[in-house]
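> Can you keep this structure in mind? I'll have questions shortly.
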Amino acid sequence: MPRRFDLLAFDWDGTLFDSTQIITRCLQEAVRDVGGRVPSDRDASYVIGLSLMQALQHAAPDLAAEHYPQLMTRYRFHYAKHVDDVVLFPGTLPMLHELKSRGYFLAVATGKSRRGLDEALQSVGLRGLFDASRTADETAGKPHPLMLNELMAEFGVTPDRTLMIGDTVHDLQMAARAGCAAVGVSYGAHAHQGLADLNPEFIADSTQSLHDWLLSQG
């Protein structure tokens, strides 16, 4: 079967990195520290994938804007305590290495900051595996399509040859706005039904099922 895609763009948290629960707890603790109404697990996990400032605004809508810098500082404080607890989902490295060996361009499109992504890539020994990456603080937060537009331009790849892979509706909405196909993963922040409502090519319930689909259909 001819290959459908040349560029595979992966979200980070909740797609490759098993960080959903830690991010949820850190957001809740940060809001509690600053004195806002603590969001539920569902509301806190919903904002994963957005840029940090977008996420904080959604997670703590009752806080005045002047409190957001402090809220961001407290989130980073709590997350730093757990950074060594966050790991790749099982099977992620073998999947990425096989895709790389098959000649795909591999990229990351994430709501993390550039500093946060670089630290994460270093901590799991992934430097050099990805051909490019874009972060929210250097482009635009999801679901704005700028990250994907820049990645496609960098490699000269058209939207019909680009696939976005992510665990949130923000990822799938970004893909749609960029004119790209998308695959959802239901083992991250957002539930299967929310992803299905956006009509992705496939919804993977594990890294292994994502791996299998990409090899057979990508």
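The values are calculated or read from the model by the stated rules, or taken from the named source; none is laboratory data. On a predicted model such as this, the values are computed, not experimentally measured, just so you know. Note that we place each Cβ from the backbone using ideal geometry, even for glycine, and neighbour counts take in every protein chain shown.
> Picking from Leu214, Leu195, Leu163, Leu172, which residue would you name as being within 23 Å of Ser101 (Cβ to Cβ), in contact (Cβ under 8 Å) with a residue 12 or more places away in the chain and not in a strand (DSSP E or B)?
Values: Leu195 fails: within 23 Å of Ser101 (Cβ to Cβ); Leu163 fails: not in a strand (DSSP E or B); Leu172 fails: within 23 Å of Ser101 (Cβ to Cβ).
One residue alone meets the criteria, Leu214.
> To continue, here is another question. On the given criteria, is Asp13 closer than 22 Å to Asp171 by Cβ, acidic (Asp, Glu) and in the same structural domain as Ala107 (by TED's automatic domain parsing)?
On the way: closer than 22 Å to Asp171 by Cβ: yes; acidic (Asp, Glu): yes; in the same structural domain as Ala107 (by TED's automatic domain parsing): yes.
For Asp13, the condition - closer than 22 Å to Asp171 by Cβ, acidic (Asp, Glu) and in the same structural domain as Ala107 (by TED's automatic domain parsing) - is met.
> Of all residues being within 22 Å of Val47 (Cα to Cα) and over 12 Å from the mean Cα position of the chain (by Cα) in the stretch 122-148, which is surrounded by the most Cβ atoms within 10 Å (Cβ to Cβ)? Just the residue, please. Quick ask: steps written out before the conclusion?
To start, the set of residues in the stretch 122-148 that are within 22 Å of Val47 (Cα to Cα) comprises 133-148.
Subset that is over 12 Å from the mean Cα position of the chain (by Cα): 137-140, 144-146, 148.
Working: Asp137: 17, Glu138: 13, Thr139: 19, Ala140: 16, His144: 17, Pro145: 22, Leu146: 18, Leu148: 28.
Among them, the one singled out is Leu148.
> Which numbered condition in (1) surrounded by fewer than 22 Cβ atoms within 10 Å (Cβ to Cβ); (2) assigned to a helix (DSSP H, G or I) is the only one that Leu106 fails?
Exception for Leu106: condition (2).
> Within the stretch 135-144, is even one residue assigned to a strand (DSSP E or B) and in contact with a strand residue (DSSP E or B) (Cβ under 6 Å, 6 or more places away or on another chain)?
Start the filter on the stretch 135-144 by keeping residues that are assigned to a strand (DSSP E or B), which leaves 135.
From the residues that got through so far, the ones that are in contact with a strand residue (DSSP E or B) (Cβ under 6 Å, 6 or more places away or on another chain) too are 135.
Yes, the stretch 135-144 has at least one match.
> Got at least one residue in the stretch 178-191 being in a helix (DSSP H, G or I), surrounded by fewer than 20 Cβ atoms within 10 Å (Cβ to Cβ) and assigned by TED's automatic domain parsing to the domain that holds Met95? Spell out how you get there, then give the answer.
Of all residues in the stretch 178-191, those in a helix (DSSP H, G or I) come to 178.
From what's left, surrounded by fewer than 20 Cβ atoms within 10 Å (Cβ to Cβ): none.
Within the stretch 178-191 (the criterion being in a helix (DSSP H, G or I), surrounded by fewer than 20 Cβ atoms within 10 Å (Cβ to Cβ) and assigned by TED's automatic domain parsing to the domain that holds Met95), the answer is no, since none of the residues qualifies.
> Could you list, ordered by first residue, the pairs with Cβ atoms under 7 Å in which the first is in the stretch 32-51 and polar (S, T, N, Q) and the second is assigned to a helix (DSSP H, G or I) and crowded, with 16+ Cβ neighbours inside 10 Å, at least 6 apart or interchain?
Ser45/Thr20; Ser45/Thr24
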